[in-house]
Each structure stands twice: as structure tokens, then as C-alpha cells.
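One structure is given below, encoded as C-alpha cells.
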Amino acid sequence: METVRVWDPLVRVFHWGLATAIVTAWLTADDLQNLHEFAGYVAGGLIALRLVLGLGGSRYARFTQFVRSPRRTWHYARDTLKHREARYLGHNPLGAAMVVLLILLTAAVAFTGWLQTTDAYWGVEWVEETHEALANIFLVAVPLHVLGVIHASRRHRENLVAAMITGRKRAASGSDLA
């Protein structure tokens, strides 16, 4: 089976680094404030890296390669429900929507967390509540992301977790979209 490189090392470091930072921040939220804040800063820095990669990184890292219109994403979702969705070499439209959501959520959680460390917003209730509410949305978004990866892996007979480790996926063929 021929494979091609899709995810470059920086994208993979970003992905697994962000996952680690988010899990660390979540696990330390109540007990280890210094580690919690450090993990939040790491997540914020990784989001800055991802924005740079999205604008000028490798082909499959660029937002212009994978971010689709709401209409196209809706059509892909409909096709998925009918088990006739196309295989994408990079992110499929639903995966792309999740990438955008997770980037926005991470940026917002990191920003509201940082606000809480400033003199102006330390102890301000709406900032704390917003930070916690956004973090709780992660508890829905991350399992949806994982379920999407499992579904796409089974549907297209490829291990997307392995692809995010090695950077390689099965080469496009037939009706696959590169």
C-alpha cells in the first residue's frame, strides 16, 4: 500500500502538545494552580503556532486547504449519514469544522484564563464563569472529535491516530479528494 506524507512534524507536535496541555490543564484545575496556568500558556502558545501554520505552513496544514463553507460542510454531514461521504487526504469538512471549533475554544479558554491573572480581572465573576463554561464545552467537543476520528477511521479503513503519529496516510485513489 502506497502512503504519502500528509501531516508534517510541526502539525503533529501541535496536535499532541495541545492534547497534552488541555488534559494537564483540566486535571490540575482545582489543585495545582501553577501547573494549570503553565498548561494554559502552553495551549495558548500552541494556538499561535497553529495560526501561523494555518496561514503559511505545509499544504495540508493551511486553512485554505481544508476549511470549507457551511454549505459544503452540511452536504458532507448529509453524505456521512448516508454512508457515501468522500475520503479526504487532509481534513474532511466535518473534521475541519472541529479543528476550527477547537482552535477557537482553546484560544478563548486561554484568554479568559490569562485575564484572571491580571489585576483588572482577577476575581471578576463573569471572567471566571466564562472560563469554566468554555472549559466545560471541551468536555463535549473532545469526545465528539474522538468519535469523528473513530468513525472516519472505520469508514475509510485507515488508522487516523497512526496517521497523526507518523504523518502518513494511504495515497489518494479513485474518488478520494486530495
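The values are calculated or read from the model by the stated rules, or taken from the named source; none is laboratory data. Please read these numbers as outputs of a predicted model, since none were measured by experiment. Note: ideal-geometry Cβ built from the backbone for every residue, glycine included; neighbour counts use all protein chains shown. All accessible areas refer to the heavy atoms of the entire protein, side chains included, with ligands and DNA or RNA removed. Shrake-Rupley method; radii C 1.70, N 1.55, O 1.52, S 1.80 Å.
A single entry from 96, 152, 133, 110 fulfils the requirement of being open to solvent by less than 40 Å² (accessible area, probe 1.4 Å) and either in contact with a strand residue (DSSP E or B) (Cβ under 8 Å, 6 or more places away or on another chain) or within 19 Å of residue 28 (Cβ to Cβ) (or both): 110. If you go through the range 147-178 and keep only what is over 15 Å from residue 15 (Cα atoms), of a type in the set (Gly, Ala, Ser) and touching a residue at least 60 places away in the same chain (Cβ under 8 Å), you end up with 152, 171, 172, 175, 178. Looking at the range 155-172, which of its residues are assigned to a loop (DSSP other than H, G, I, E, B) and open to solvent by less than 70 Å² (accessible area, probe 1.4 Å)? Hits for the range 155-172 are 156, 158, 167, 171, 172. How many residues, within the range 105-137, are free of Cβ contacts under 8 Å to residues at least 60 places away in the same chain, aliphatic (A, V, I, L, M) and touching a Phe, Trp or Tyr at 6+ places or on another chain (Cβ under 8 Å)? Counting residues in the range 105-137 that are free of Cβ contacts under 8 Å to residues at least 60 places away in the same chain, aliphatic (A, V, I, L, M) and touching a Phe, Trp or Tyr at 6+ places or on another chain (Cβ under 8 Å) gives 3. Kindly indicate whether residue 23 is under 30 Å from residue 173 (Cα atoms), open to solvent by 70 Å² or more (accessible area, probe 1.4 Å) and either part of a strand (DSSP E or B) or of a type in the set (Val, Ile, Thr) (or both). So residue 23 fails the test.
You will find that of 84, 12, 71, the residue that is assigned to a helix (DSSP H, G or I) and exposed (fewer than 14 other Cβ atoms within 10 Å of the Cβ) is 71 and no other.
Only one residue in 29, 21, 61, 48 is in contact (Cβ under 8 Å) with a residue 60 or more places away in the chain and either among the small types (Gly, Ala, Ser) or on the phi > 0 side of the Ramachandran plot (or both). Which one? Checking each option against the conditions leaves just 29. Only residues that are within 21 Å of residue 145 (Cβ to Cβ) and part of a helix (DSSP H, G or I) were counted in the range 26-53, giving 15.
I'd like to know if the range 55-62 contains one or more residues that are open to solvent by 50 Å² or more (accessible area, probe 1.4 Å) and not in a helix (DSSP H, G or I). Within the range 55-62, one or more residues are open to solvent by 50 Å² or more (accessible area, probe 1.4 Å) and not in a helix (DSSP H, G or I).
Screening residue 120 with (1) in contact with a Leu (Cβ under 6 Å, 6 or more places away or on another chain); (2) open to solvent by 30 Å² or more (accessible area, probe 1.4 Å); (3) modelled with pLDDT under 95 gives one miss only, at (1). Across the range 87-122, the qualifying residues are those that are in a loop (DSSP other than H, G, I, E, B) and among the aliphatic types (A, V, I, L, M), and the one among them that is farthest from residue 159 (Cα to Cα) is 120.
One residue stands out among those in the range 123-145 that are in a helix (DSSP H, G or I) and among the β-branched types (Val, Ile, Thr): the one that is farthest from the chain's Cα centre (by Cα), which is 127.
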